[in-house]
Amino acid sequence: MFVITGPSGVGKGTLIRELLARVPELRLSVSATTRAPRQGERDGLDYHFLTAEDFERRVRAGEFLEHATYSGNRYGTLRSELERTTGGGAPAVLEIEVQGARQVRAAMPDAVAVFIAPPSREALRARLVGRGTDTPEQIDARLGTAARELAAQAEFAHVVVNDRLEDAVDELVSIVRGAGERRACAGMAAPASNLEGQTEPAEERP
């Protein structure tokens, strides 16, 4: 599992789209949220849009792997969505907030977490303004949250600065492919170690 996190407006969505195009075996897990859909967003494809009451009911039922509150709205990863995404054995990509990334890391230590950082605070503000989806007050609130999130980037083994898109995509692809190769090597090494001292073929499980 690959967890992509970082401040709002840093370009996580764009990087993930490029990553999925370059590494097509990955599957994106669709998050749930209580915020209203933006123009062009589709339920079940961009987000699972839930009412606040339905979201809270699912939290109490333990249906979320992780969940967090961001800028007055709730976001989370449904366990059922993750099971659907990884059902065919495909590795999943999660685009989540820093709070949620911490929860996933605690629950699934083998998950590969990547923090996406902006080249500067000024660049982040320019991107938030350029999106045209937030009021000046909302932008200030997002930047306040971003300052706290940027202070947490040292918690993550992988940090990608999204300055030039092409360079950031290359670095993200390298991290993902490198993790896959290490796991493949570990999987090949395990059976060999089990054969040490073995004199008879092991029985297969029924």
Find the helices (runs of 4 or more DSSP H) located wholly in segment 1-120 whose residues include 2 or more that are more than 19 Å from Glu155 (Cα to Cα) and at pLDDT below 95, and list them. 79-86
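Report whether or not Ala113 is of a type in the set (A, V, I, L, M) and more than 13 Å from the chain's Cα centre (by Cα). Please lay out each step first, then the result.
On the way: of a type in the set (A, V, I, L, M): yes; more than 13 Å from the chain's Cα centre (by Cα): no.
No: the conditions fail for Ala113.
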Just to be sure I understand the filter: pairs with C-beta atoms under 7 Å, separated by 6 or more residues or on different chains, first member in segment 96-112 and farther than 11 Å from Gly76 by Cα, second member in a helix (DSSP H, G or I) and small (Gly, Ala, Ser). Which pairs pass? Val112/Ala179
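Sort through Leu19, Leu26, Leu15 and tell me the only one that's farther than 25 Å from Thr133 by Cα, surrounded by 14 or more Cβ atoms within 10 Å (Cβ to Cβ) and touching a residue at least 12 places away in the same chain (Cβ under 8 Å).
Details: Leu19 fails: farther than 25 Å from Thr133 by Cα; Leu15 fails: farther than 25 Å from Thr133 by Cα.
Just a single option satisfies the conditions, and that option is Leu26.
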Filter segment 60-79 down to residues that are exposed (fewer than 13 other Cβ atoms within 10 Å of the Cβ) and farther than 27 Å from Gly144 by Cα, then give me how many there are. 3
Working only within segment 130-149, note down all residues that are surrounded by fewer than 13 Cβ atoms within 10 Å (Cβ to Cβ) and either of a type in the set (A, V, I, L, M) or more than 18 Å from Tyr70 (Cα to Cα) (or both). Gly130, Gly132, Ala147
Search result, residues across segment 84-98 that are in contact with an Asp or Glu (Cβ under 9 Å, 6 or more places away or on another chain), of a type outside the set (A, V, I, L, M, F, W, C) and under 9 Å from Thr5 (Cα atoms): Glu97
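The values are calculated or read from the model by the stated rules, or taken from the named source; none is laboratory data. Predicted model only: the values in this text are computed from it and were never measured. All Cβ positions, even for glycine, are placed from backbone atoms using ideal geometry, and neighbour counts span all protein chains on display.
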